[in-house]
Amino acid sequence: MDMYSGHINRLIEELAALPGVGAKSAQRMAFHIINMPQQRVERLTDAITSAKANVRYCKECYTLTDEEICPVCASVKRDHRTIMVVENVRDLAAYEKTGKYEGVYHVLHGAISPMLGIGPNDIKLKELIARLEGDVGEVIIATNSSLEGETTAMYIRKLIKPAGIRVTRIASGVPVGGDLEYIDEVTLLRALEGRTEL
Ligand code: ZN
């Protein structure tokens, strides 16, 4: 990449470090940015820096939000006794899109993976346990059906079951290893309705 100026190389390197961006797309994006009007470049950089400065974890469910408490947790229309545990914000968004789930969420921000060295303390599990001291009727585990997702589900079950709280797992109509966000709404709802006791 030495054929480009140092500034362009730096931009390409930063873009290529983003998830899902290969070296070729990074180059294409870099040249696109260079050719953009100054105003648009400023809008882009401002969107990045202000999102970083203002977005934070919801104090209840740990999704990303602009407020202290996210709109779902703040809503009185939601059933706060039912908590659906998901791996990431994208999974939460997938269930929210169905418009049929009335409970609240808990976002783990990952899954337990001994292979990648991700343990229970590396995801928002302590925070989930802390929430269970409140009035909770059911915990629906909606982690992915990957090895990591199943390991996490079993771990949570072991933690919660002694507390006498109902623990359920979404049905495995969800393809193995499938990321929840790519699954259509009908399948998601069927998985939720067909959930089984753990
Ligand atoms: Zn929340």
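Per-structure values
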{"read-out": "Positive-end residue, the chain charge dipole about Cα centroid, Cβ charges, pick of 72, 160, 23", "value": "160"}
{"read-out": "Computed label-point distance, nm, for sites residue 28 and residue 97 using a 7 Å Cα→Cβ extension", "value": "2.2"}
{"read-out": "Relative contact order (%) - criterion: Cα under 8 Å, at least six apart; region: the chain", "value": "15"}
{"read-out": "Among 147-156, 40-49, the order from most to least packed when residues are scored by Cβ within 10 Å on average", "value": "147-156, 40-49"}
{"read-out": "Against the rule of thumb 2.2 N^0.38 Å, how large the Cα Rg of the stretch 1-82 comes out", "value": "1.60"}
{"read-out": "Convex hull per residue volume in Å³, alpha carbons only, for the stretch 6-54", "value": "79"}
{"read-out": "0 to 90° range, to nearest 10: angle between helix 6-16 axis and the chain longest Cα axis", "value": "20"}
{"read-out": "Charge sum, other residues only, whose C-beta stays under 13 Å from residue 53's C-beta, Lys/Arg counted +1 and Asp/Glu -1", "value": "0"}
{"read-out": "Unit charges on C-beta of K, R, D, E only; dipole of the stretch 6-54, Debye", "value": "120"}
{"read-out": "The chain: angle of helix 38-54 to the longest principal axis, Cα-based, in degrees nearest 10", "value": "30"}
{"read-out": "Alpha-carbon spread of the stretch 66-197, three principal axes, descending order, Å", "value": "40, 33, 32"}
{"read-out": "Rounded Å value of the spacing that divides the Cα centres of the stretch 96-173 and the stretch 1-50", "value": "37"}
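A short reminder: the numbers here are calculations on the coordinates, not readings from a lab. All values derive from a computational prediction rather than experimental measurement. We place every Cβ from the backbone using ideal geometry, glycine too, and count neighbours over all the protein chains shown.
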